[in-house]
Amino acid sequence: MEHHFQIMVADATHYGFAQLICDEMAASAQARGTGIARRSPDYIVEKMHEGKAVIAFDDQGFWAGFCYVESWSHGQYVANSGLIVAPPYRKYGLARLIKKRVFELSRELFPQAKIFGLTTGLAVMKINSDLGYEPVTYSELTQDEAFWKGCQSCINYPILLSKERKNCLCTAMLFEPPVVAAAGPAGIAAEAPESMCLSTENL
């Protein structure tokens, strides 16, 4: 069966889907036996209110998927987090479409940011790679305590602590924006300020 999807930046009209999105994130993580940072419906609504979330529907108007943008270290790091596709719509390439749109949104909101992701999913790794991400060590991720605190709800958090946050079961991937060539007085190109982006993703 062929599906057609509508993918858009979420807004106030989508607040009612927050609980459904959180429930599906938790159910998917449990089914796969993998960790994912838990988010509350209020947090999802906040992301929608800020224009930092992408939501997908099928051609009948049924909710099909979601992902949001998260920033760290005063916008120096950005994450495409909470990627989830509703079970009936998996295997149709929707995750790739959502990732592409939330990646574009991240670039629009934080054009000079590095975008990073943490994931245990091979499919997400492939999508990230196609978008220009490359595998990196955890030392290249934000050291913002607020970010790492989000990992506390993950079942693998004890492993992260035992490794002194140097690695865990998730693979870290990073997209670095192109260097902005701004000729200075001496004609030397100036680099754009650095920032980054993370994703805790669940298919």
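The values are calculated or read from the model by the stated rules, or taken from the named source; none is laboratory data. Not measured: the values here are computed from a predicted model. Using ideal geometry, Cβ is built from the backbone for each residue, glycine included, and neighbour counts are taken over all protein chains shown. For accessibility, only protein heavy atoms count, side chains too; no ligands or nucleic acids. Shrake-Rupley method; radii C 1.70, N 1.55, O 1.52, S 1.80 Å.
Does region 104-125 include one or more residues that are surrounded by fewer than 15 Cβ atoms within 10 Å (Cβ to Cβ) and either touching a strand residue (DSSP E or B) at 6+ places or on another chain (Cβ under 7 Å) or of a type in the set (Phe, Trp, Tyr) (or both)? No - not one qualifying residue is present in region 104-125.
Being modelled with pLDDT of 85 or more, under 26 Å from Ala123 (Cβ atoms) and assigned to a helix (DSSP H, G or I) is a description that applies to Leu160.
Tyr92 - would you say it is under 25 Å from Tyr133 (Cβ atoms) and surrounded by 13 or more Cβ atoms within 10 Å (Cβ to Cβ)? So that I can check it myself, show each step before the final result.
Details: under 25 Å from Tyr133 (Cβ atoms): yes; surrounded by 13 or more Cβ atoms within 10 Å (Cβ to Cβ): yes.
In short, yes.
If you go through region 62-85 and keep only what is open to solvent by 10 Å² or more (accessible area, probe 1.4 Å) and at pLDDT 95 or above, you end up with Phe62, Trp63. The sole residue among Phe116, Phe110 that is under 15 Å from the mean Cα position of the chain (by Cα) and within 10 Å of Val69 (Cβ to Cβ) is Phe110. Contact map, region 139-156: first residue under 14 Å from Leu169 (Cα atoms), second residue open to solvent by 20 Å² or more (accessible area, probe 1.4 Å), Cβ cut-off under 7 Å, separation 6 or more or different chains; pairs are Cys151/Tyr157; Asn156/Cys168; Asn156/Leu169.
Matching residues to (1) touching an Asp or Glu at 6+ places or on another chain (Cβ under 8 Å); (2) hydroxyl-bearing (Ser, Thr, Tyr):
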{"site": "Glu2", "(1), (2)": "no, no"}
{"site": "Gln19", "(1), (2)": "no, no"}
{"site": "Ala31", "(1), (2)": "no, no"}
{"site": "Gly51", "(1), (2)": "yes, no"}
{"site": "Phe57", "(1), (2)": "no, no"}
{"site": "Gln60", "(1), (2)": "no, no"}
{"site": "Ser71", "(1), (2)": "no, yes"}
{"site": "Tyr77", "(1), (2)": "yes, yes"}
{"site": "Gly93", "(1), (2)": "no, no"}
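Within this structure, Ile98 fails the test of being of a type in the set (Val, Ile, Thr), open to solvent by 20 Å² or more (accessible area, probe 1.4 Å) and touching a residue at least 60 places away in the same chain (Cβ under 8 Å).
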